[in-house]
Every structure is written in C-alpha cells, then in structure tokens.
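Asks: I am attaching a structure below and will ask some questions about it afterwards.
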Amino acid sequence: MKKTILLSLSLGVLLSSGFLISNAIATSNISQEKSESTISKEQAFTFFTKVLEQQKADFLNNTPLAHTNQSRLSSRDEAVLIFLSSTKVDKKQLHSFSYKISNVKVYSENQRNYAEAYVTRTFNFGSGLETGLGDTLVLEIQSSPDDLKGPSHTISSSKSTSEVNEKFSVDEFLEKYEAEATK
C-alpha cells in the first residue's frame, strides 16, 4: 500500500514537472516565433479602415460579397449572414452601417507581418432595430514599410473570430433561418 501511494506521488511529481518543462519550452517557442513587426500600429489602423470602408460600401449597396478581396468578407462571415438574413428573410432595409476599431496590435510571425484588432460592426435597420457584432480580425499584410506610402500594399489573407465553421452555403443558412423565423 505504501509503495503504491509513493509510486503514485512520484509519478504525479514527474508528470507535472514534465508538463511544466514542456509547457515552458512551448511558451518560449511561441514567443520566439512572434516578433516585432515592420508595420506600425498607425499603418495597421489604416489597413483596417480601408477594409471596413469597403465593407460599409458593399453593405450599403446590398452587395456584401461584391469586393471580397478588398472587404475580406466571405459567405461564412457572421456579418454577412446577419445582413442577408435581415434583408432577404426579414425584409428589412439597411439604413446605416458603422464600425469601431480598437486594440490594434502588429507583429511578425514566421517572417510575415500581421495586424490584429478588435472590430465592432453595427447594422441599423431602422425602427430602432440595431444589430452589433464584435470580433477580432487578423490581417496578413504583405508589404515592406517602403511600399506602405502608396496604394501598392496587399492584404493577402484574413481571419475573423466571427466566421461560422459549418460547411453549409448561404442559401442553406437562409432556408434554415427562414424556417426558424416562421415557426
């Protein structure tokens, strides 16, 4: 009995110390991968503003997926799904769209520049109906600091915490939304 308890305690100490060491190694590898970016926070804020201004124009024109390269929207983005369900199923008209950018961060990872920010997007459908969505957006920016002075910078990829992970189309989503809305 004493041997079992001692063995259990010894294994517990070994496993926890092994976990702590591997966790420390993993943490140091992560901190080594992320480094200072050649993009400033002000430049990143400008990138986010351009992306969100394109989103605003596309939403107000009822064409949220018209300029996906510039707006970084996809058919799985919750903002697109909220807009489409409100306009196509609920038959509401968008009166205004606004956004707020906060907590801008820039970093380099694996020799790539990233800009990250918390973005709040607000849809106003009139009659006091306002819908907001807040999420973290990350943009990979493929530019050197010299390229940032003109319009030649590119945003190669983006990710958002508001993307829906389900593998169904917008049409399927709208069908399901309409079925739920008419119950």
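Any read-out appearing in this document is the output of simple, stated calculations on the displayed coordinates, not a laboratory observation. No experiment lies behind these values; they were computed from the predicted model shown. Cβ sites come from the backbone with ideal geometry, for glycine too, and all protein chains shown count toward neighbours.
Asks: Going 7 Å from the Cα of Ser127 in the Cα-to-Cβ direction, what parts of the stretch 77-94 have a backbone nitrogen less than 16 Å from that spot?
Replies: 85-94
Asks: A further question on this structure: Could you list, in their original order, any pairs among Lys56/Lys91; Lys50/Lys91; Lys50/Lys92; Lys50/Lys100; Lys92/Lys176 whose Cα atoms are separated by more than 23 Å? Write down the numbers at each step before the final one.
Replies: Values: Lys56/Lys91 19 Å; Lys50/Lys91 29 Å; Lys50/Lys92 26 Å; Lys50/Lys100 13 Å; Lys92/Lys176 18 Å.
The answer is Lys50/Lys91; Lys50/Lys92.
Asks: For the peptides 53-61, 75-83, what is the packing order when you average, over each peptide's residues, the other Cβ atoms within 10 Å and list the highest mean first?
Replies: 75-83, 53-61
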